[in-house]
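K.L.:
Structure below; questions to follow.
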Amino acid sequence: MELNNLTAHELIQKINNKETTPQDIVASLHKRIKEKDAQVKAYVRSDELIDPTHIAGIPVSIKDNICTDGYNTECCSKVLEGFKPPYNATVIEKIKAAGHSFLGLKLNMDEFAFGSSTENSHFGPTHNPWNLNCVPGGSSGGSAASVAADEAIWALGSDTGGSIRQPASFCGIVGLKPTYGRVSRFGLIAFASSLDQIGPLTKDVRDAALLTNIISGHDANDSTSINCAIPDFTKSLINDVHSLKIGIPKEYFVEGLDPEVKKVAEESIEKLKNLGAQFKEVSLPHTEYAVPVYYIIATAEASSNLARFDGVQYGFRADSSNLIEMYKKTRAQGFGEEVKRRILLGTFALSHGYYDAYYLKALKVRTLIKQDFDNVFKDFDCIITPTSPTAAFEIGEKTDDPLKMYLSDIYTISANLAGIPAISLPCGFTKKGLPVGLQVLGKHLDEEMLFRVAYTYEQNTEWHKMKPKL
Amino acid sequence: MSYEVVIGLEVHLQLKTKTKAFCACSTEFGKEPNTQVCPVCLGFPGSLPVFNKTVLDYAIKVALALNCKVQEYTKFDRKNYFYPDLPKNYQISQFDLPLSSNGFIDIVSEGIEKRIGITRVHIEEDAGKLIHQDDLSLIDFNRTGIPLLEIVSEPDISSAQESHDYLSTLKNILEYLDVSDCDMEKGTLRCDANISLRPIGSKNLGVKTELKNMNSFKGVKDALNYEIQRQSALLDLNEALTQETRLWDPKASKTFTMRTKEGAKDYRYFPEPDLPPFIIKVDKISEIKASIPELPKEKMQRFISDYGISEYDSKVLVASKRDAFFAEECIKAYPNKDKKAIVNWFIGPLLSEANNRAKALADLGISIENLLSLVTFVEREEISHLSAKAVLTEVLDSAKSPEEIIREKNLIQVSDSGAIKNIMEEVIKENAKSVLDYKAGKSNALMFLVGQVMRKSGGKTNPKIVQELLKTRLGDA
Amino acid sequence: MSIDKQIVEHVAHLARIELGELELSRLSKQLEHILGFIDKLSSLDIEKTHPTSHILPINNVLREDTPKVSIPVEKALLNAPSKKNNFFVVPKIIE
């Protein structure tokens, strides 16, 4: 077994037993990347290897929107070409403090995390390791594909509307979006500040718990970070779901859900039932409004967050003879089409005369969506749904129809709007051999329940051990 | 035709906290460009704001001092616009739920007391500084993120003079609160004005002009006076005014149209998602209220009632916080119950020394002990008022004590009537005409003769005794 | 609610993005399509619903007024596309 194929907890064991070293692990990853990344294209800017003196612990691969001091961080956008942040994101400091390092190479993503397929990257698309003609999902497609392809041991991604869970599902790995405020956003280049969360993408649930342990916690640099004790999430890895009350929202099993995905999800639910969990149909009545609400709130915040990319202080600047021309050309040439589309949509939703009809209305419906979850969680321990209505689709399949692309986040968006944690874990395959993900949604700050359910399912199935043939 | 002038002022006040509003960079003034910056105030991608506690305390303090209602729930909003001195291309400000609103201050303008409403006081961040060169602009972000208060008045002001008086009253209050340098020249206090004119009696508001770039109180007054003339001239000709922003040019003493930014401004305000809201509890408000010092108006009234100082003189003394505190310290240390003598020293010789030296009273450098000792010399009639003034000048110049100077210059008054009589006889001989005038009933002539005796004695004779002696002498003759 | 080219042009100006004629008509159509979908929200009665702009029940997050060292000027200017004497530089400002 090559080192790069192992999980982080297996490698920690090996390091502790003096059977391997962090240097060996990095070398093994570099070898794998060299061999396979030309096909997968999970990483960008292949020249940015980690300074060998910085290697420690189990290297974490990092999405291109998380700031790494002195290492390029470009959000896979031309507008941030060459940008080297003068500081580390809090998660990077935490990884270092825990005795680990990050791989200097950064992971591909949809430009500024705007997308569900990693096709919107300035560096070109990432390919799904299970089928190179398919997308890996997005926006953390590079993170998911690198872990699935054993080009990374574990990775960090960010999730604004499903950007960790949907690619984890498409690539057959585990991905967690923590409770909003659980992980510091300081150093995460913002897409939508009220929705963004950093989270782990890993080969199994134990690694997800380990990495969540490392990155969680209050940060004085992030005013939206929750100040509360962090449990040891590995203590939640209990193989027991007996008498847990789990809700199945009827609004998620409707038209639009791929029959194969539906079947796989139902089998997984059956499995958990057999393990002692109690299932009951529940209702999240405002589910159908989640996508429109999301595309107003997320784009409105993004239009403001991305205003700073103007060529003044960093990144790309278009040739121009005066300031207004510099602004307009820099942003016209520096942003890709999806970014422009969302900035325009968000600017519109906030603009004079439209604010009440769009932005304010969306904030109100957000309240209703949150209340839906509050109501269900009064009686249930967690909610289970498919992560995505379909398995990975083909590259180019949805690029001409933005709305169709937006709807592929329909099952993941609500968790961000409600601020609750949600995990995706592998639960089977389609006939074509593409992975399917199961999503578990929990109460505010109750990641422990997610780990427990996910761990129990994983310990009683073999899906997480399957590897793509590359 | 005559018009009614309607003015509202918008004051931006830099708070003198140690650090910026949303990051821990120092706010020190005059540092090398771009040395007091960090990822947060540079708006670097991924950075996040964290609000400075002292800014909130200072802001509440100001709001309360301006009689505003402090809101129980307040939040920040983003004001979105592109400008190179604004690193994020949005300013963290407050929109629909400002910290406080509905206040007022009382001003006295040309002898008339008037209440000016304060619409709102809210918190926002300052922008950087631009230096314009031929075909480029240089940016220094040191100022970016320094906390500002925006203090918006109601359009209750009806003349340029009133604007000036509003500003000086406001500045005076703010100085007492000790939360800002309040220096217009340095830009720690800035003022924009909205002005419109309407025919007297008309209920409709006229077309509004926004005036910017006034860098002194005088600038505000001059710009408004210019604008009143410009607008009334146009209205007299029945010409339509355009709603616009105009810049004051102090050299030309004129206002000029600023080319409009974007047809209608659309700042796309929305709640700042990076900063959770603030709930300000009643006990917090009472705690801050208790920390507010006596404000100029109250101090003035107390000066009048406690020390019998005239309204005019009290006003002069409280116009500067430090002067008022210095004066009061001296007044308190003065042992006599009747404070008139020591007060007269302040509004007389000390104030004129301060004016001559272009210094604040509190900066003259005289200690309370020295001042009291000087006053005592005069009261014991050991030196004359005239010499006392000279001694004061020398105390300020030399840092010597009054005793030393009086001893060195031998200034102790001659009260011995024999010595005075000799000088008096000389004076009577030399001023026969004045003697006749006095005898003819011109009492002024007596004062002249007293003055002559004083002069001949080098100011050392006691004028009261001289006067008595002269009266007796001339009455006898 | 419909969106036309003129609105998109205005919005693009607010957002400081130059759009070519083709891009403008393509984006206008797409945005109209997306907004049509978003109009789904109109069917909800939300008159009395409170808007949620912060999902967490957190408030009064404040820090002490204690200065920390700023970053060195070289680091601040490291990424600058144009700089001069420790200033950032932009071309002439005309509105």
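The values are calculated or read from the model by the stated rules, or taken from the named source; none is laboratory data. Quick caveat, the model's predicted, so the values are computed rather than measured. Counting neighbours? That spans all protein chains shown, and the Cβs are built from the backbone with ideal geometry, glycine included.
K.L.:
Only residues that are within 11 Å of C:A76 (Cα to Cα) and either in contact with a helix residue (DSSP H, G or I) (Cβ under 9 Å, 6 or more places away or on another chain) or more than 7 Å from chain C (Cβ to nearest Cβ) (or both): list them for the range B:24-38, please. If you could, list the steps in order and put the result at the bottom.
P.N.:
Taking the range B:24-38 as the starting set, the residues that turn out to be within 11 Å of C:A76 (Cα to Cα) are B:33-38.
Selection gives B:P33, B:N34, B:T35, B:V37, B:C38.
K.L.:
In the range A:72-115, which residues are within 14 Å of chain C (Cβ to nearest Cβ), part of a helix (DSSP H, G or I) and surrounded by fewer than 24 Cβ atoms within 10 Å (Cβ to Cβ)?
P.N.:
Listed by number, the list holds a single entry, A:K78.
K.L.:
Do we find that A:L210 is assigned by TED's automatic domain parsing to the domain that holds A:S140 and either within 22 Å of the chain's Cα centre (by Cα) or under 30 Å from C:I58 (Cα atoms) (or both) in this structure?
P.N.:
Numbers: assigned by TED's automatic domain parsing to the domain that holds A:S140: yes; either within 22 Å of the chain's Cα centre (by Cα) or under 30 Å from C:I58 (Cα atoms) (or both): yes.
Yes, satisfied.
K.L.:
Restricted to the range B:67-94, and to residues that are of a type in the set (A, V, I, L, M) and over 15 Å from A:V312 (Cβ atoms), which residue is nearest to the other protein chains (Cβ to nearest Cβ)? Please lay out each step first, then the result.
P.N.:
Of the range B:67-94, the ones of a type in the set (A, V, I, L, M) are B:70, B:86, B:92.
After this cut, where a residue has to be over 15 Å from A:V312 (Cβ atoms) as well, the list is B:70, B:92.
Details: B:V70: 14, B:I92: 11 Å.
Going through the qualifying residues, I end up with B:I92.
K.L.:
Determine whether the range A:280-293 contains at least one residue that is in a helix (DSSP H, G or I), of a type in the set (G, A, S), in contact with a Ser or Thr (Cβ under 8 Å, 6 or more places away or on another chain) and over 30 Å from A:T461 (Cα atoms). Spell out the reasoning first.
P.N.:
We begin by selecting, within the range A:280-293, every residue in a helix (DSSP H, G or I); these are A:287-293.
Then keep just the ones that are of a type in the set (G, A, S); that gives A:290.
If we keep only those that are in contact with a Ser or Thr (Cβ under 8 Å, 6 or more places away or on another chain) too, we end up with A:290.
Applying the additional criterion that residues be over 30 Å from A:T461 (Cα atoms) yields A:290.
Yes, the range A:280-293 contains at least one residue that is in a helix (DSSP H, G or I), of a type in the set (G, A, S), in contact with a Ser or Thr (Cβ under 8 Å, 6 or more places away or on another chain) and over 30 Å from A:T461 (Cα atoms).
K.L.:
So, one more: Which is within 25 Å of B:E287 (Cα to Cα), among the β-branched types (V, I, T) and more than 9 Å from every other protein chain (Cβ to nearest Cβ), of B:I7, B:I105, B:I112?
P.N.:
On the way: B:I7 fails: within 25 Å of B:E287 (Cα to Cα); B:I112 fails: within 25 Å of B:E287 (Cα to Cα).
Only one candidate qualifies: B:I105.
K.L.:
I'd like the residue in the range A:323-343 that is farther than 15 Å from B:Y83 by Cα and among the β-branched types (V, I, T) and, out of all such residues, is surrounded by the most Cβ atoms within 10 Å (Cβ to Cβ). Quick ask: steps written out before the conclusion?
P.N.:
Quick first cut of the range A:323-343, residues farther than 15 Å from B:Y83 by Cα only: A:329, A:332-343.
Right, trim to among the β-branched types (V, I, T) and you get A:339, A:343.
Numbers: A:V339: 27, A:I343: 29.
Across the range A:323-343, the extreme among qualifying residues is A:I343.
K.L.:
Considering only the range A:239-253, state which residues are surrounded by 13 or more Cβ atoms within 10 Å (Cβ to Cβ), under 24 Å from A:N375 (Cβ atoms) and not aromatic (F, W, Y).
P.N.:
A:V241, A:L244, A:K245, A:I246, A:G247, A:I248, A:P249, A:K250, A:E251
K.L.:
Using the structure shown, decide if C:I38 is more than 27 Å from A:T160 (Cα to Cα), facing another protein chain (nearest Cβ under 7 Å) and touching a helix residue (DSSP H, G or I) at 6+ places or on another chain (Cβ under 8 Å). Working first, answer last.
P.N.:
Numbers: more than 27 Å from A:T160 (Cα to Cα): no; facing another protein chain (nearest Cβ under 7 Å): yes; touching a helix residue (DSSP H, G or I) at 6+ places or on another chain (Cβ under 8 Å): yes.
In short, no.
K.L.:
What's the number of the only condition in (1) at pLDDT below 95; (2) among the hydrophobic types (A, V, I, L, M, F, W, C); (3) under 22 Å from the mean Cα position of the chain (by Cα) that C:I46 fails to meet?
P.N.:
(3)
K.L.:
Quick check, is B:P276 of a type outside the set (D, E), more than 24 Å from B:E403 (Cβ to Cβ) and within 14 Å of chain C (Cβ to nearest Cβ)?
P.N.:
Numbers: of a type outside the set (D, E): yes; more than 24 Å from B:E403 (Cβ to Cβ): yes; within 14 Å of chain C (Cβ to nearest Cβ): yes.
Yes: the conditions hold for B:P276.
K.L.:
Specify the residue that is nearest to C:N79 (Cα to Cα); the eligible residues are those in the range A:49-71 that are within 14 Å of chain C (Cβ to nearest Cβ) and either touching a residue at least 40 places away in the same chain (Cβ under 8 Å) or in a loop (DSSP other than H, G, I, E, B) (or both).
P.N.:
Only one residue fits best here, namely A:G70.
K.L.:
Exactly one condition in (1) of a type outside the set (A, V, I, L, M, F, W, C); (2) surrounded by fewer than 24 Cβ atoms within 10 Å (Cβ to Cβ); (3) in contact (Cβ under 8 Å) with a residue 12 or more places away in the chain is false for A:K203; which is it?
P.N.:
Among (1) of a type outside the set (A, V, I, L, M, F, W, C); (2) surrounded by fewer than 24 Cβ atoms within 10 Å (Cβ to Cβ); (3) in contact (Cβ under 8 Å) with a residue 12 or more places away in the chain, A:K203 violates only (2).
K.L.:
Restricting the search to the range A:409-443, which residues are assigned to a loop (DSSP other than H, G, I, E, B) and either touching an Asp or Glu at 6+ places or on another chain (Cβ under 6 Å) or farther than 21 Å from A:S194 by Cα (or both)? Don't jump to the end; show me each part of the working.
P.N.:
Going through the range A:409-443, the residues assigned to a loop (DSSP other than H, G, I, E, B) turn out to be A:409-412, A:419-421, A:430-434, A:443.
Of everything in the range A:409-443, those that are assigned to a loop (DSSP other than H, G, I, E, B) and either touching an Asp or Glu at 6+ places or on another chain (Cβ under 6 Å) or farther than 21 Å from A:S194 by Cα (or both) turn out to be A:P421, A:T430, A:K431, A:K432, A:G433, A:L434.
K.L.:
Tell me which residues, restricted to the range A:338-392, are of a type in the set (S, T, Y), at the interface with chain C (Cβ under 10 Å from one of its Cβ atoms) and in a loop (DSSP other than H, G, I, E, B). Outline the logic, then answer.
P.N.:
Residues of the range A:338-392 of a type in the set (S, T, Y): A:347, A:351, A:354-355, A:358-359, A:367, A:385, A:387-388, A:390.
Then drop every residue that is not at the interface with chain C (Cβ under 10 Å from one of its Cβ atoms), which leaves A:347, A:351, A:354, A:358-359, A:367.
Passing the criteria: A:S351, A:Y354.
K.L.:
Quick check on this structure: which one of B:N215, B:N225 is touching a helix residue (DSSP H, G or I) at 6+ places or on another chain (Cβ under 7 Å), surrounded by 15 or more Cβ atoms within 10 Å (Cβ to Cβ), in contact (Cβ under 8 Å) with a residue 12 or more places away in the chain and closer than 19 Å to B:H164 by Cβ?
P.N.:
Details: B:N215 fails: touching a helix residue (DSSP H, G or I) at 6+ places or on another chain (Cβ under 7 Å).
Only one candidate passes the filter, namely B:N225.
K.L.:
Could you say which residue among C:I58, C:I71 is under 17 Å from B:P39 (Cα atoms) and at the interface with another protein chain (Cβ under 7 Å from one of its Cβ atoms)?
P.N.:
Values: C:I58 fails: under 17 Å from B:P39 (Cα atoms).
Going through C:I58, C:I71 in turn, just one is under 17 Å from B:P39 (Cα atoms) and at the interface with another protein chain (Cβ under 7 Å from one of its Cβ atoms): C:I71.
K.L.:
Loosely packed, with under 13 Cβ neighbours inside 10 Å, under 22 Å from the mean Cα position of the chain (by Cα) and at the interface with another protein chain (Cβ under 7 Å from one of its Cβ atoms): is that true of C:I17 in this structure? Before you say what the answer is, go through the steps one by one.
P.N.:
Details: loosely packed, with under 13 Cβ neighbours inside 10 Å: no; under 22 Å from the mean Cα position of the chain (by Cα): yes; at the interface with another protein chain (Cβ under 7 Å from one of its Cβ atoms): yes.
Criteria not met by C:I17.
K.L.:
Take the range B:357-389 and flag every residue that is among the aliphatic types (A, V, I, L, M), in a helix (DSSP H, G or I) and closer than 25 Å to B:S320 by Cβ.
P.N.:
First pass over the range B:357-389, keeping only residues among the aliphatic types (A, V, I, L, M): B:358, B:360-362, B:364, B:366, B:368, B:371-372, B:374-375, B:378, B:383, B:386, B:388.
Cutting the leftovers down to in a helix (DSSP H, G or I) gives us B:361-362, B:368, B:371-372, B:374-375, B:378, B:386, B:388.
Selection gives B:L361, B:A362, B:I368, B:L371, B:L372, B:L374, B:V375, B:A388.
K.L.:
Here is a follow-up. Yes or no: the range B:45-53 includes at least one residue that is closer than 21 Å to B:K129 by Cα, away from chain C (no Cβ under 12 Å), modelled with pLDDT of 95 or more and surrounded by 18 or more Cβ atoms within 10 Å (Cβ to Cβ).
P.N.:
no
K.L.:
Another question, if that's okay. All but one of (1) away from chain B (no Cβ under 14 Å); (2) aromatic (F, W, Y); (3) out of contact with any Asp or Glu (no Cβ under 6 Å at 6 or more places or on another chain) hold for A:F191; state the number of the condition that does not hold.
P.N.:
Evaluating A:F191 over (1) away from chain B (no Cβ under 14 Å); (2) aromatic (F, W, Y); (3) out of contact with any Asp or Glu (no Cβ under 6 Å at 6 or more places or on another chain) leaves (1) as the failure.
K.L.:
Conditions: (1) touching a residue at least 40 places away in the same chain (Cβ under 8 Å); (2) small (G, A, S); (3) in contact with a Gly (Cβ under 9 Å, 6 or more places away or on another chain). B:S2 meets all but one. Number of the miss?
P.N.:
Unmet condition: (3).
K.L.:
Still on this structure: Go through the range A:319-336 and report how many residues are within 13 Å of C:L19 (Cα to Cα), assigned to a helix (DSSP H, G or I) and either at the interface with chain C (Cβ under 8 Å from one of its Cβ atoms) or over 35 Å from the mean Cα position of the chain (by Cα) (or both). Spell out the reasoning first.
P.N.:
Taking the range A:319-336 as the starting set, the residues that turn out to be within 13 Å of C:L19 (Cα to Cα) are A:325, A:327-336.
This time we only want the ones that are assigned to a helix (DSSP H, G or I), so: A:325, A:327-334.
Now restrict to residues that are either at the interface with chain C (Cβ under 8 Å from one of its Cβ atoms) or over 35 Å from the mean Cα position of the chain (by Cα) (or both): A:325, A:327-329, A:331-332.
Total meeting the criteria: 6.
K.L.:
Same structure, new question: Pairs needed: first member in the range B:293-308, part of a loop (DSSP other than H, G, I, E, B) and at pLDDT below 90; second member anywhere, among the β-branched types (V, I, T) and surrounded by 15 or more Cβ atoms within 10 Å (Cβ to Cβ); C-beta distance under 9 Å; at least 6 residues apart or different chains.
P.N.:
As it stands, the answer is B:G308/B:V343, since those pairs meet every condition given.
K.L.:
Give me the pairs: first residue in the range B:439-458 and farther than 16 Å from B:G475 by Cβ, second residue among the small types (G, A, S) and assigned to a helix (DSSP H, G or I), beta-carbon distance under 7 Å, and six or more apart or on different chains, which are they?
P.N.:
As it stands, the answer is B:F448/B:S434, since those pairs meet every condition given.
K.L.:
Could you list all residues from the range A:398-408 that are of a type outside the set (G, A, S) and touching a residue at least 40 places away in the same chain (Cβ under 8 Å)? Break it down into steps so the answer makes sense when it comes.
P.N.:
Start the filter on the range A:398-408 by keeping residues that are of a type outside the set (G, A, S), which leaves A:398-407.
Within the range A:398-408, A:K398, A:T399, A:P402, A:M405, A:Y406, A:L407 qualify.
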